[in-house]
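The values are calculated or read from the model by the stated rules, or taken from the named source; none is laboratory data. In this text, all values refer to a predicted model and were calculated from it rather than measured experimentally. No Cβ is skipped: glycine too gets one built from the backbone with ideal geometry, and neighbour counts run over all protein chains shown. Areas reflect the complete protein model, heavy atoms only, side chains present, ligands, DNA and RNA absent. Shrake-Rupley method; radii C 1.70, N 1.55, O 1.52, S 1.80 Å.
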Amino acid sequence: MTQPATPAQQDAPMPAAKSAQDKGGSRRPLGLRLDVRNLSLLGVLAVLVAVGGITKPDEFLATSNLQLVLTQASVIGVVTVGMTFVITSGGIDLSVGAIVALASVWATTVATQEYGFTGILFTAVIVGVGCGLVNGLLIAYGRMVPFIATLAMLASARGLALQITDGKTQIVTVDSVLDLGIRDAYILGIPPLVLVFAAVTVIGWLVLNRTTFGRRTVAVGGNAEAARLAGIDVRRQRLYLYLLSGLCCGIAAFMLIVLAGSGQNTNGNLYELDAIAAAIIGGTLLSGGRGTIVGSVLGVLVFTTITNIFALNNLESAVQQIAKGAIIVAAVLVQHRTLRGGDA
C-alpha cells in the first residue's frame, strides 16, 4: 500500500502554489499580462520617439543624439537590472545611487589611478560589492527592514564620498579608460557602454528566467515562509541578491567614470528613484514574487527618452521629476488593478 504523505510533505508545496496564484494568477494569464505590458511599453516608446521627432526633428533623430540616449540609459540600466532582482525578492534598495557615487570617487583617487585601467575597474566593482555585502548582512542576518538598512547605507555612502572628494571633482587621467568614451571606440556605431548594458541585460534575463537562482528569487518574493519550508535558505538568498545589486552598482560606477571622465560625490543622484520606477513600470511587482528584466529595460528606455526630449525642449528638471512621479503612481495603480483582476 502507498503510505500517506507526511504533514510536511502535504504542506510544503501548497503555500508556494497558492503564492503564485495570489501574485499573478495562473501562468498563462500572467504571461499574457507581461506580454501586453511589454507591448504597451513599446507603444509608449514609439509615441515618445514620434514626439521627439516632431518637436525637435533635427536634434532628436540625429545619430549622435540616439547614441547619447542609449549611452545614458546604459548606466542606469545596469543599476536597474540589479534592482529588479532585489524587488522581485520582496526587498528594496535605496542606496544604489549613493553606492555608485562612492564607487566612482574611490576608483578615481590619485592612488587608485596609479594602477591604471585595471585598478579603476577593480576598485569600482569591489566598493560596490562591499556595500552590497553590508546591506545584505544587515537585512538577511541582522533582520533589519530593507528600507531602513539601505537608507542608512545611502546616508553613509554619500557622506563618505563627500569626505573622499572634499566636494571637488576628481579628473580621470588614464587614457585607456577615457578612450572607451570616444567615438573611435564605437563598434559598428554602437558605444561600448551600450554593449556592456546589453551583456548585463542578457545575463540578468538568463539568471532570472533560466536558473535555480532566479526561481529561488521569485519564490522568496512570493512567499518567504513557503520558500523556507521548501528548503530554500532565505537569508543566504537575500544576501546574494544585495551582493548582486552592489555588483551592478560597481559596474555602473565604472561606466559613469568612462562617460563623465571624472568622479564626483554627486554622481548617481536619484538613481534609486529611476531604477525603482523603471522596474515597476516594466512589470516587476513592488511587493515581490514577479520580475521582468525585459520590462525593466523598456522602462529605462522610456524614462531616458523622456529626459532627453525634455532637455532638447529646454523644459525644467522639476517638470521631469513631476512626470516621473506621476508615472510611478500610475504604474502602481495599474499593478493593483491587474492583481485584483487576476484574483477575480
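Worth a mention:
- Qualifying residue in segment 113-126 (condition: among the small types (Gly, Ala, Ser), buried (at least 20 other Cβ atoms within 10 Å of the Cβ) and either assigned to a loop (DSSP other than H, G, I, E, B) or in contact with a Cys (Cβ under 7 Å, 6 or more places away or on another chain) (or both)): no
- Some residue of segment 161-172 being modelled with pLDDT of 95 or more, hydrophobic (A, V, I, L, M, F, W, C) and under 17 Å from Val294 (Cα atoms): no
Condition check ((1) modelled with pLDDT of 90 or more; (2) under 21 Å from the mean Cα position of the chain (by Cα); (3) among the hydroxyl-bearing types (Ser, Thr, Tyr)) across all residues:
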| residue | (1), (2), (3) |
| --- | --- |
| Ala12 | no, no, no |
| Asp22 | no, no, no |
| Ser40 | no, yes, yes |
| Phe60 | yes, no, no |
| Val78 | yes, yes, no |
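- Test set (1) open to solvent by 10 Å² or more (accessible area, probe 1.4 Å); (2) in contact with a helix residue (DSSP H, G or I) (Cβ under 9 Å, 6 or more places away or on another chain) - Ala318 fails condition number: (2)
To keep it simple, each residue is scored yes or no on (1) part of a helix (DSSP H, G or I); (2) over 16 Å from the mean Cα position of the chain (by Cα).
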residue: Asn265; (1), (2): no, yes
residue: Ala279; (1), (2): yes, no
residue: Gly291; (1), (2): no, no
residue: Phe303; (1), (2): yes, no
residue: Ala331; (1), (2): yes, yes
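- Among the conditions (1) in contact (Cβ under 8 Å) with a residue 12 or more places away in the chain; (2) more than 29 Å from Val105 (Cβ to Cβ); (3) assigned to a helix (DSSP H, G or I), the only one that Leu285 does not satisfy is (3).
- So Phe254, is it over 15 Å from the mean Cα position of the chain (by Cα), among the aromatic types (Phe, Trp, Tyr), open to solvent by 40 Å² or more (accessible area, probe 1.4 Å) and at pLDDT 95 or above: no
- Checking each residue in segment 268-287 for being more than 24 Å from Gly214 (Cβ to Cβ), of a type outside the set (A, V, I, L, M) and surrounded by fewer than 24 Cβ atoms within 10 Å (Cβ to Cβ) picks out only Asn269.
- Where a residue in segment 57-71 is under 19 Å from Leu259 (Cβ atoms) and its partner, wherever it lies, is open to solvent by less than 70 Å² (accessible area, probe 1.4 Å) and not β-branched (Val, Ile, Thr), with Cβ under 6 Å and at least six apart: Gln67/Pro191; Val69/Asn308; Thr71/Pro191; Thr71/Leu193
- The C-beta contact set for segment 134-153 (first residue part of a helix (DSSP H, G or I), second residue surrounded by fewer than 17 Cβ atoms within 10 Å (Cβ to Cβ) and hydrophobic (A, V, I, L, M, F, W, C), distance under 6 angstrom, 6+ apart or interchain) comprises Leu138/Met144.
- In summary, Ile139 fulfils each of the numbered conditions (1) crowded, with 19+ Cβ neighbours inside 10 Å; (2) over 20 Å from the mean Cα position of the chain (by Cα) with the single exception of condition (2).
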